[in-house]
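Chemist: Let me give you the structure first, and then I'll get to my questions.
Readers should treat all values here as calculations from the given coordinates under stated rules, not as data from a laboratory. All values derive from a computational prediction rather than experimental measurement. Every residue, glycine among them, receives a Cβ derived from its backbone with ideal geometry; neighbour counts consider all protein chains shown.
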Amino acid sequence: MLMTQLKERKDLHLWRDRVAISARSGNKIKINDSLLINFCSSDYLGIATDSEVCQAFKEGIDIYGFGSTSSALISGYYKAHQVLEEQFADFLGRESAILFNSGYLANLGLITVLAGRNSTIFSDKLCHASLIDAIKLSAAKHWRYKHNDVAHLQSRLNQFDSANKLIVTESIFSMEGDIAPLQNIVDCVQQTNATLLVDDAHGLGVLGKNGAGICEALALTTKQVPALVSPLGKAFASFGAIVSGSKELITALMQFGRTYIYTTALPPALVHATITALQIIKNAHWRREKLAKLIQFFIKSAQQRNISIRSECAIPIQSIMIKSSAKVLALQKLLYNKGFLVSAIRPPTVPVNTSRIRISLNYEHTENQITDLLDLIAEFYESHTRLL
Ligand SMILES: Cc1ncc(COP(=O)(O)O)c(C=O)c1O
């Protein structure tokens, strides 16, 4: 059975491989003996190798030692966890916040607390796997609406009324490289008694004047977005995820959130370093400005080369549709051999026949690097145009 599945995965060009990075500095990485420019990391603001954050990590080890050695409700909750939660609630302008061990676990814990067998969940069709798995685990009735289509969401809400309704979306869709029409979703949800959950994995750090994410960018309140998930593995270059909202919600997560309760808490030294990352991100205005300029440069340069990018939204994730999985792998390999690491996104991560190259921009990239990358993609594009 497994042999057949594995063979099929290979035959359909869907095989996944890992590459071991042996060293990195900023967005430059070393794999075997090759030096590459990393165009597929979510370290949008260069926090992963920031000297102050790395120093804080070492300091955290001196203060707390290595692991937390227990779950949060036993003895794994340290001062660092408490300070980070308090500072995050303040940063996001929300009543309360709680630190989960990852975005995946936050989504599982949050959705299973907010919805159960008698609830109905409406989710964007292209929501992240962690949200889909959480919805399945909740055992709620589930309806998907077309990607970013508020009229379709509205018709779903009209059609399938329920006493407990939860609407689930991401802010920035990481595989599409586009942004949810969140203000319209909020307006639509406000006419019902539904709860809105937003996963801001790729908005945190990048969107909003101070990098607090989509809610800051659109001035959305806790009343409008009662459940906000802010994963820390992307622009924060850390690990874990903050869930924020009312005191009542956060208390309920601490009492009933199984993925919060039944797992060892994050190492306090890591959390200590994340507090420093938060200070840096709040003040990283010029890094955000530089990143925004690079994004504009990328979009304009792609247009000049007739490379059709998926959404042209001003966000650090840009997706180039290739469709065929075999071709997307060929393009990835070509770029790798020329010194660029990009991701080849294929099913089941995205729907069949929508394989794509995903490029993640970082404020430390240069216009020259982007130009060289796009020239190579344009060359490939031209030689395969008829087939794409
Ligand atoms: C939208 C979204 N939600 C959740 C996650 C999961 O976060 P984590 O990697 O912290 O588990 C990711 C990242 O993979 C993501 O892109």
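Chemist: Test of understanding: in a Gaussian network model of the chain with alpha carbons linked when under 10 Å, which of 83, 206, 328 would top the mean-square fluctuation ranking?
Modeler: Largest GNM mean-square fluctuation: 83.
Chemist: By what distance, in whole Å, do the Cα atoms of region 142-278 stretch along each of the three principal axes, largest value first?
Modeler: Principal-axis extents of region 142-278 (Cα, largest first): 49, 33, 25 Å.
Chemist: Also, I was wondering about something else. Among 270, 329, which comes first, second and so on when ranked by fewest other beta-carbon atoms within 10 Å?
Modeler: Ranked by crowding around the Cβ, least crowded first: 329, 270.
Chemist: In Å and on Cα atoms, what radius of gyration and Dmax does region 257-313 show?
Modeler: For region 257-313, the Cα-based Rg and Dmax read 19.1, 52 Å.
Chemist: For region 116-128, in order, what is each residue's ³J(HN,Hα) by Karplus, 6.51 cos²θ - 1.76 cosθ + 1.60 with θ = phi - 60°, in whole Hz (x at glycine and Pro)?
Modeler: For region 116-128, the Karplus curve yields x, 3, 9, 9, 10, 10, 10, 10, 4, 4, 9, 4, 4 Hz.
Chemist: Further, regarding this structure: Restricting to Cα pairs below 8 Å that are 6+ residues apart, what does the relative contact order work out to for the chain? Please round to a whole percent.
Modeler: Reported as a whole number, the value is 23 percent.
Chemist: DSSP loop trypsin sites (Lys or Arg not before Pro) in region 9-71 with at most 11 other Cβ atoms within 10 Å of their Cβ, which ones?
Modeler: Hits after loop and neighbour filter: 16, 18.
Chemist: Please compute, for the alpha-carbon atoms of region 121-184, the extent along each of the three principal axes and give them in descending order in Å.
Modeler: Taking max minus min along each principal axis of the Cα atoms, region 121-184 gives 33, 26, 16 Å.
Chemist: What percent does the relative contact order of region 63-184 come to when contacts are Cα pairs within less than 8 Å and at least six residues apart?
Modeler: The normalised contact order for region 63-184 reaches 21 percent.
Chemist: Could you point to the residue in 88, 226, 116 farthest towards the positive end of the chain's charge dipole, with +1 and -1 charges on the Cβ of Lys/Arg and Asp/Glu respectively?
Modeler: Highest projection toward the positive end goes to 116.
Chemist: Let me ask you something else. Jot down the per residue volume, in cubic angstrom and as a whole number, of the convex hull over the alpha-carbon atoms of region 1-72.
Modeler: So the per-residue hull volume is 205 Å³.
Chemist: Assuming R0 = 22 Å, what is the FRET efficiency of residue 83 and residue 209, from their Cβ-Cβ distance, to the nearest 0.05?
Modeler: 0.40
Chemist: Under the rule of at least 5 residues apart or a separate chain, name every residue whose amide H is placed under 5 Å from the amide H of residue 142.
Modeler: It is 121, by chain and number.
Chemist: Using each residue's phi in region 33-43, evaluate 6.51 cos²θ - 1.76 cosθ + 1.60 at θ = phi - 60° and report the 3J(HN,Hα) Karplus result to the nearest Hz, with x for Gly and Pro.
Modeler: Per-residue couplings from phi come out as 9, 9, 9, 10, 8, 7, 10, 9, 9, 8, 7 Hz.
Chemist: Could you list which residues have their amide H under 5 Å from that of residue 199, counting only those 5 or more apart in sequence or on another chain, with H placed in the peptide plane?
Modeler: 169, 170, 171, 229
Chemist: Something else now. Who wins for biggest fluctuation among 19, 53, 189 in a Gaussian network model of the chain, springs between alpha carbons below 10 Å?
Modeler: Looking only at 19, 53, 189, the biggest GNM fluctuation is shown by 19.
Chemist: Given 0.36 nm per residue, what is the gain on full extension from residue 304 to residue 192 after removing their alpha carbon distance, in nm?
Modeler: Contour length minus Cα-Cα distance gives 35.9 nm.
Chemist: Given Cβ point charges of +1 (Lys, Arg) and -1 (Asp, Glu) and nothing else, what value in debye, to the nearest 20, does the dipole of the chain about its Cα centre take?
Modeler: Value, rounded to 20: 980 debye.
Chemist: Follow-up. Charges at C-beta only: +1 for Lys and Arg, -1 for Asp and Glu. How large is the resulting dipole of region 1-156 about its Cα centre, in Debye rounded to 20?
Modeler: Computed about the Cα centre, the dipole is about 880 debye.
Chemist: From the helices alone, meaning DSSP H stretches of at least four residues, give me the mean residue ellipticity at 222 nm for the chain, per-run term -39500 (n - 2.57), in deg cm²/dmol to the nearest 500.
Modeler: -13000 deg cm²/dmol
Chemist: Along the charge dipole of region 240-388, Cβ charges K/R +1 and D/E -1, which of 343, 322, 292 sits furthest on the positive end?
Modeler: The Cα lying farthest towards the positive end belongs to 322.
Chemist: Moving on to the next point. Under 17 Å Cα to Cα from residue 223, which aspartates and glutamates show up? Leave out anything in the same chain fewer than 8 places away.
Modeler: Once the sequence-local aspartates and glutamates are set aside, what remains near residue 223 is 90, 95, 187, 199, 200, 248.
Chemist: Looking at region 33-84, which chymotrypsin sites (Phe, Trp or Tyr not before Pro) are DSSP coil and have at most 14 other C-beta atoms within 10 Å of their C-beta?
Modeler: Counting only loop positions with at most 14 other Cβ atoms within 10 Å, the chymotrypsin sites (Phe, Trp or Tyr not before Pro) in region 33-84 are 66.
Chemist: While we're on this one: Find the percent of Cα-Cα distances in region 51-282 that exceed 24 Å, and round it to a whole number.
Modeler: Every Cα pair in region 51-282 considered, those over 24 Å come to 41 percent.
Chemist: Follow-up. Once R0 is set to 35 Å, what does the formula 1/(1 + (r/R0)^6) return for the Cβ-Cβ distance between residue 28 and residue 252, expressed as a FRET efficiency to the nearest 0.05?
Modeler: Result of the calculation: an efficiency of 0.20.
Chemist: I'd like the antiparallel share, as a percent to the nearest 5, of DSSP beta bridges with both residues in region 51-282.
Modeler: About 40 percent, rounded to the nearest 5.
Chemist: In the structure displayed, which of 10/141; 234/293; 136/247; 125/234; 141/247; 58/125 lie more than 31 Å apart, Cα to Cα?
Modeler: Among 10/141; 234/293; 136/247; 125/234; 141/247; 58/125, the Cα-Cα distance tops 31 Å for 10/141; 58/125.
Chemist: HN-Hα J couplings of region 240-250 from phi, Karplus 6.51/-1.76/1.60, θ = phi - 60°, integer Hz, Gly and Pro as x?
Modeler: For region 240-250, the Karplus curve yields x, 7, 9, 10, 10, x, 6, 4, 4, 4, 5 Hz.
Chemist: Taking the Kirkwood radius as the inverse of the mean 1/r across Cα pairs, report the Rg/Rh of the chain.
Modeler: 0.96
Chemist: Turning to a different aspect of this structure: Show me the ranking of peptides 282-294, 234-246, 108-120 by mean Cβ neighbours inside 10 Å, starting with the highest.
Modeler: Per-residue Cβ counts within 10 Å, averaged per peptide and sorted highest first, yield 234-246, 108-120, 282-294.
Chemist: If you average 1/r over all unlike Cα pairs in region 1-148 and invert the result, what Kirkwood radius do you get in angstrom?
Modeler: By the Kirkwood definition, the hydrodynamic radius is 19.9 Å.
Chemist: Given H placed on each backbone N at 1.01 Å, which residues far from residue 309 in sequence or on other chains put an amide H within less than 5 Å of it?
Modeler: Long-range HN contacts for residue 309: none found.
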